[in-house]
Amino acid sequence: MTEPREVMDVDVLFVGGGVASLSGALHLSNLIKEHNKRATEIGEKSLDEIMIAILEKGPYPGSHGISGAVMDPGPLKELIPDFLEKDAPLEGEVKKESIYFLTKNRKIKLPLNLMPSSLNPLDNHGNYVVSMSRMNEWLAGLVEENGADIFPGFSGTEVLYDGDRVIGVRTGDKGIAADGNKKGNFEPGIDLHAKVTIFGEGARGSLVKTLIRRFNLDTQKNPPGFEVGVKEVWKIPEGRIQPGEVIHTMGYPLKSNTFGGGFIYGMKNNMICLGQLTSLDYGDPFLDPHREFQKLKLHPMVKRLLKDGKLTQYGAKTVPVGGYFSVPKLTFEGGLIIGDSANLFNSQKIKGIHIAMRSGMLAAETIFKCLVRGDFSGSQLENYQTAIMNSKEVNDLYKARNFHQTMVKGLFKGLFISGIQYVLGGRIIRSRLEAISDHLHLKKVAELYGTDSPADDRKGDVKYDGKLTFDKETDVYYSGSTHEEDQPAHLKILDLDICYTKCADHFQNPCVRFCPANVYEMEIDEDTGKKTMKLNFSNCVHCKTCDVKDPFENIQWVPPEGGGGPKYTMM
Ligand SMILES: Cc1cc2nc3c(=O)[nH]c(=O)nc-3n(C[C@H](O)[C@H](O)[C@H](O)COP(=O)(O)OP(=O)(O)OC[C@H]3O[C@@H](n4cnc5c(N)ncnc54)[C@H](O)[C@@H]3O)c2cc1C
Ligand code: SF4
């Protein structure tokens, strides 16, 4: 029997309460306010009681916001010109920055700061170090002041259609037990109907995946590519790094056939954040992005910085790095895609916040015109696609259009080609370099190691001391992540047999390593040797790595009961 559900009508619905949606909702409510003021003055019709709603799966605004982050403030200055007076939670303006190439014990400072900024994609002078969770919390306050409604603790779990038109989303049921039965506190999800639904679910959006499939939005596009960022925030002794100081690293601990790099950013009150991005097109099934990040902290430069410091928060998340050619079509009847869900991330500059903001703002401008005209047809919504593709931010993305693809050729060759490409605005390799999905890059253990059971040191394993380096369980504690335990697991393993056969034989179950939260554990019965996959789903920090990297696409991430997941406050 289908569940009777409440239907709630809103005008504009944002799914996901990240920086893209919050900027969109704020800009739209500002445009409506200005319009109504003008309309009253000249006696025209105003846009009354327009209901804007934002669904966020995290328990409070900002709780699932995680980034580096160095923010290009361009769009923020347009959205909130008085952002300084409004106490934007900025950790510091970037005035000092450096880039190091690391070997295991040494560092080489790269002279990028001697280059003019037009030739240096990592020039951050004038940008700001921020915490995404704090920024989102602050933006959410401004959005609510403007009268929009934010619903934290509610996941969008299903797109609702009328024929081929998106008419809203269904929120997840609450109070379903692990065995699928209803518990005493059962509450059916709500059907939210809207004139337009904007999907800002972040990287690898679970609903956006279904939209892309249904409307073939990725026809003739490259598949998306991702990096996973593993990050910690530390309190360190005074005077070691200034708020706003930026340090980037390349090389150690990642091997030259794996793209990625480290970041260390100075925050206020002697806090720093540090992390490492690892490209998920790596080939080694024993690679563990969390472990590699722990190794970064063992480098003498980083170890010195953290000495006598204290870990205060942990988190992880994927970023979409496929670039310009992986951006799907962004509009369809009834809806739009914004931010990381649209793969709008510039991996050469390591920046997505300002593009997410821009995409939200341009979506808002399109929707505002639809409200004024009373026309939400697909052809009106397509104005957003034109506007974002013509924006300065996407123009920059176009210049770096083959960056990710060249990096697959290895760090040094990739940096050489992409360096020349950057200087020439992408003019040498003009056309699209093809890419393949991240999960297809994984190599078989025997092919890579010549044996099925390489020794731990060949696999790269390390021991954690609980002071400087932490195992995943300890780190997860610092993410605050919890989920209602008595609910169906939100990690759907489509065919468990694959885990015990093909995946174990060829790749030795890489999920137990690539998950940065120790969600997947392969338990082996000592007597019978029988393997059982154990899912510690309560640990999940919603990074989506498993949805991207499983070699058989055998894991599907779906939103858990709303309100579960990490409780970030300064990521
Ligand atoms: C480690 C790391 C370092 C980074 N460094 C930088 C940097 O230095 N500078 C920079 O500019 N960018 C950086 N980025 C990228 C930047 O953080 C993103 O581009 C930006 O946050 C994208 O914003 P968004 O709103 O599109 O998505 P998100 O910030 O991911 O927000 C999406 C929101 O939607 C919610 N959500 C998802 N699905 C649902 C659903 N079905 N129902 C309800 N809610 C849902 C999520 O909980 C989340 O709150 C970094 C990212 C990472 C992970
Ligand atoms: S289970 Fe998947 S989404 Fe959750 S933390 Fe692990 S890899 Fe990330």
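Readers should treat all values here as calculations from the given coordinates under stated rules, not as data from a laboratory. These figures come from a predicted structure and were not determined experimentally. Note that each Cβ is placed from the backbone with ideal geometry, even for glycine, and that neighbours are counted across all protein chains shown.
Please report Rg (one decimal) and Dmax (integer) in Å for the Cα set of the stretch 86-130.
13.6, 44
With θ taken as phi - 60° and the coefficients 6.51, -1.76 and 1.60, list the Karplus ³J(HN,Hα) couplings across the stretch 329-338 in order, rounded to whole Hz; mark glycine and proline as x.
Whole-Hz 3J(HN,Hα) from phi for the stretch 329-338: 4, 9, 10, 7, 4, x, x, 9, 10, 10.
List the trypsin sites (Lys or Arg not before Pro) in the stretch 29-92 that DSSP assigns to loop (not H, G, I, E or B) and whose Cβ has at most 13 other Cβ atoms within 10 Å. Which are they?
Details: sites: Lys33, Lys37, Arg38, Lys45, Lys57, Lys77, Lys86; in loops: Lys45, Lys57, Lys86.
Taking the stretch 29-92 and a limit of 13 other Cβ atoms within 10 Å, the loop trypsin sites (Lys or Arg not before Pro) found are Lys45, Lys86.
Tell me, in nm to one decimal, what length is gained between Asn181 and Arg458 on full extension, where the rule is 0.36 nm per residue of separation less the Cα-Cα distance?
Numbers: separation 277, 0.36 × 277 = 99.72 nm, distance 4.64 nm.
Using 0.36 nm per residue and subtracting the Cα-Cα distance, I get 95.1 nm.
Across all directions of projection, what mean area in square nanometres is found for the Cα convex hull of the stretch 129-229? It would help to have the intermediate numbers written out before the result.
On the way: hull surface 41.3 nm².
Convex hull of Cα atoms, orientation-averaged projection: 10.3 nm².
Rounded to the nearest whole Å³, what is the per residue volume of the convex hull around the Cα atoms of the stretch 492-571? Provide the component values of the computation, followed by the final result.
Numbers: hull volume 8.3 nm³, N = 80.
Taking only Cα atoms, the stretch 492-571 has a hull volume of 104 Å³ per residue.
In deg cm²/dmol and to the nearest 500, what is the mean residue ellipticity at 222 nm of the chain if only DSSP H runs of at least 4 residues count, each as -39500 (n - 2.57), divided by the residue total?
On the way: 17 runs with 158 residues, N = 571.
After summing the helix terms and dividing by the residues of the chain, the value is -8000 deg cm²/dmol.
Would you kindly state how much longer the chain becomes between Lys33 and Tyr398 on full extension, computed as 0.36 nm times their sequence separation minus their alpha carbon distance, in nm to one decimal? It would help to have the intermediate numbers written out before the result.
On the way: separation 365, 0.36 × 365 = 131.40 nm, distance 3.44 nm.
Net length gain for the segment: 128.0 nm.
Where q = 0.22, 0.26 Å⁻¹, what log10 of I(q)/I(0) comes from the Debye formula for the stretch 261-314, counting one point per Cα?
Those come out to -0.91, -1.15, one per q.
Rounded to the nearest angstrom and ordered from largest down, what semi-axes does the equivalent ellipsoid of the stretch 234-343 get from its C-alpha gyration tensor (root of 5λ)?
Details: eigenvalues 198, 78, 25 Å².
So the equivalent ellipsoid measures 31, 20, 11 Å along its semi-axes.
Roughly how far apart, in whole Å, are the Cα centres of the stretch 238-296 and the stretch 531-563?
With the stretch 238-296 and the stretch 531-563 each reduced to a Cα centre, they are spaced 23 Å.
Which pairs in the list Lys349/Lys392; Lys351/Lys472; Lys310/Lys549; Lys317/Lys534; Lys472/Lys544 are over 20 Å apart, alpha-carbon to alpha-carbon?
Working: Lys349/Lys392 14 Å; Lys351/Lys472 27 Å; Lys310/Lys549 32 Å; Lys317/Lys534 22 Å; Lys472/Lys544 16 Å.
With Cα atoms farther than 20 Å apart: Lys351/Lys472; Lys310/Lys549; Lys317/Lys534.
Rg/Rh for the stretch 170-228: what does it come to with C-alpha atoms and Rh from Kirkwood?
Taking Rh as the inverse mean 1/r over Cα pairs, Rg/Rh reads 1.11.
Could you work out the local net charge near Asp164, counting Lys and Arg as +1, Asp and Glu as -1, over the other residues with Cβ closer than 12 Å to its Cβ? Walk me through the numbers before you get to the answer.
Numbers: positive: Arg165, Arg214; negative: Asp162, Glu333.
My count for the surroundings of Asp164 gives 0.
Set the Förster radius R0 to 51 Å, insert the Cβ-Cβ distance between Asp497 and Arg165 as r into 1/(1 + (r/R0)^6), and round the FRET efficiency to 0.05.
Numbers: r = 39 Å, r/R0 = 0.76.
Result of the calculation: an efficiency of 0.85.
Suppose we keep just the DSSP beta bridges with both residues in the chain; what percent of those would be antiparallel, to 5? The partial results should precede the final answer.
Details: 62 of 86 bridges.
Around 70 percent antiparallel, to the nearest 5.
For the stretch 1-143, treating each Cα as an identical point scatterer without solvent, what Debye log10 I(q)/I(0) comes out at q = 0.09, 0.10, 0.17 1/Å?
Each listed q maps to, in turn, -0.45, -0.54, -1.05.
Where does the chain land on the Kirkwood hydrodynamic radius, alpha-carbon pairs, in angstrom? Mind dumping the intermediate values first?
Numbers: mean 1/r = 0.0411 Å⁻¹.
After inverting the pairwise mean of 1/r, the radius is 24.3 Å.
Out of every Cα-Cα pair in the stretch 175-298, what percent are more than 26 Å apart?
Values: 3987 of 7626 pairs.
Percent of Cα pairs beyond 26 Å in the stretch 175-298: 52.
Student exercise: in the stretch 58-134, how many lysine pairs 8 or more apart or on different chains have Cα atoms under 30 Å apart?
Pairs that pass both the separation and distance tests number 11.
Which value, in nm² and rounded to one decimal, describes the direction-averaged projected area of the C-alpha convex hull of the stretch 450-540?
Details: hull surface 31.0 nm².
Mean shadow area of the hull around the Cα atoms is 7.8 nm².
So which GluC sites (Glu not before Pro) in the stretch 44-96 end up in coil per DSSP with only 12 or fewer other C-beta atoms within 10 Å? Before the final figure, lay out each step's value.
Numbers: sites: Glu44, Glu49, Glu56, Glu78, Glu85, Glu91, Glu93; in loops: Glu44, Glu49, Glu85.
Within the stretch 44-96, the qualifying GluC sites (Glu not before Pro) (loop, at most 12 other Cβ atoms within 10 Å) are Glu44, Glu49, Glu85.
Roughly how many whole Å is it from the C-alpha centroid of the stretch 127-179 to that of the stretch 444-463?
If we compute the Cα centre of each part, the gap is 42 Å.
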